[in-house]
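The values are calculated or read from the model by the stated rules, or taken from the named source; none is laboratory data. These figures come from a predicted structure and were not determined experimentally. Reconstructed Cβ throughout: ideal geometry from the backbone, glycine too, with neighbour counts over all protein chains shown.
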Amino acid sequence: MTAAHSSRAFLGLSHTPLLGLATVPQTVEAELLSALDILKSRVLAWAPDRVVLVAPDHYNGFFNELMPTFCVGTDAVSVGDYLMPSGPLRVDTHTALALSTSLMDAGFDLSVSRRMRVDHAFVQPLVLLWGSLQSPPVVPVFLNALAGPTIARVGRCIELGQALGRFLDTLPGRTLVIGSGGLSHEPPAPTMDHPDPAVRERIIARVDYTPAQRQERTQRAMEAGLALSQGAPGTKPLNPDWDRRWMDALEHGDLGYFSGMAEHRIEADAGRSAHESKTWLVARCSLGDTSPRTHMRHYQAIPELIAGFGVLFMDTPTPEETQPS
């Protein structure tokens, strides 16, 4: 067993920009916040030396002017959307460059950003776990889960996770690999099929949103969450059964479940933004063929937050822990 296999953890964690903004039933919110507190304590106790953070974007850093499928950031700055802090992330530039080289050598024609702009998909996990952007050193990995036709495919996500795991085998210390996104949800997000040229232009050209424009986006998201919670016509319900099956397969390492999955069924069954769940798949596959332990699993379907909200935290036992007593 390699040193890295003995010190690697996987965290699948949903994100929602409406956390702290939308009105959620008190008991539902209390259950979620309690779960996040427990998760924080367990991750801090695990004490990672570094974090590889796999996450999507919502037209804050990546636009259709040039949309990669995968991109590693050697430097990253938060745009500060919703309630998230703005400013630089603590990026481990040396490891990010080494990972990029390793993935290129493994046959991945990925992109590299020397100044990646990231939104709540990257920042919220850091804030929930460490309270700010001052986390352990981070390697940010962008996964396109929104803009076709270059949305990451399931099979390639499995291969990327496995290649990431082989790279992590070469590193000392404790690595936490986070997949941020999902599960089932379909928030309001424009596409290139939109009939208004001005709307299409906003998701093609890179822009810096004004405070008023950010507030408008926030308001639209809050209204969408309220509409979903009320079952309004035109909203796509969350799919807890789909979410739980996804989590089951990841927890049990059942890659066959994913290899037979049709891309169009992900959207049809769980919503356009359910492709974000592939970040979990990449992160989980980085554990390789070990027998990881589950430290925490939690799930709630919360329409007010437009989120099938899941938590799955697993790690690989150390050689000492696998020795018979």
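Structure notes:
- Qualifying residue in the stretch 210-226 (condition: small (Gly, Ala, Ser) and within 30 Å of LEU168 (Cα to Cα)): no
- Test: SER286 is surrounded by 16 or more Cβ atoms within 10 Å (Cβ to Cβ) and either within 30 Å of TRP46 (Cα to Cα) or out of contact with any helix residue (DSSP H, G or I) (no Cβ under 7 Å at 6 or more places or on another chain) (or both): yes
- Taken as a whole, the structure leaves TYR59 outside the set of residues that are touching a His at 6+ places or on another chain (Cβ under 6 Å) and either over 30 Å from ALA198 (Cα atoms) or of a type in the set (Phe, Trp, Tyr) (or both).
- From the list LEU21, LEU99, LEU53, LEU32, the lone residue that is within 15 Å of the chain's Cα centre (by Cα), more than 25 Å from MET192 (Cβ to Cβ) and buried (at least 16 other Cβ atoms within 10 Å of the Cβ) is LEU53.
- Comparison of ALA9, ALA22 shows that the only residue that is of a type in the set (A, V, I, L, M, F, W, C) and not in a strand (DSSP E or B) is ALA22.
- Single match in SER325, SER273 (criterion: part of a helix (DSSP H, G or I), among the small types (Gly, Ala, Ser) and either at pLDDT below 95 or buried (at least 23 other Cβ atoms within 10 Å of the Cβ) (or both)): SER273
- Qualifying residue in the stretch 227-242 (condition: crowded, with 18+ Cβ neighbours inside 10 Å, in a helix (DSSP H, G or I) and among the small types (Gly, Ala, Ser)): yes
- The condition of being buried (at least 22 other Cβ atoms within 10 Å of the Cβ) and either at pLDDT below 95 or closer than 19 Å to GLY61 by Cα (or both) holds for only one of PRO188, PRO140, that being PRO140.
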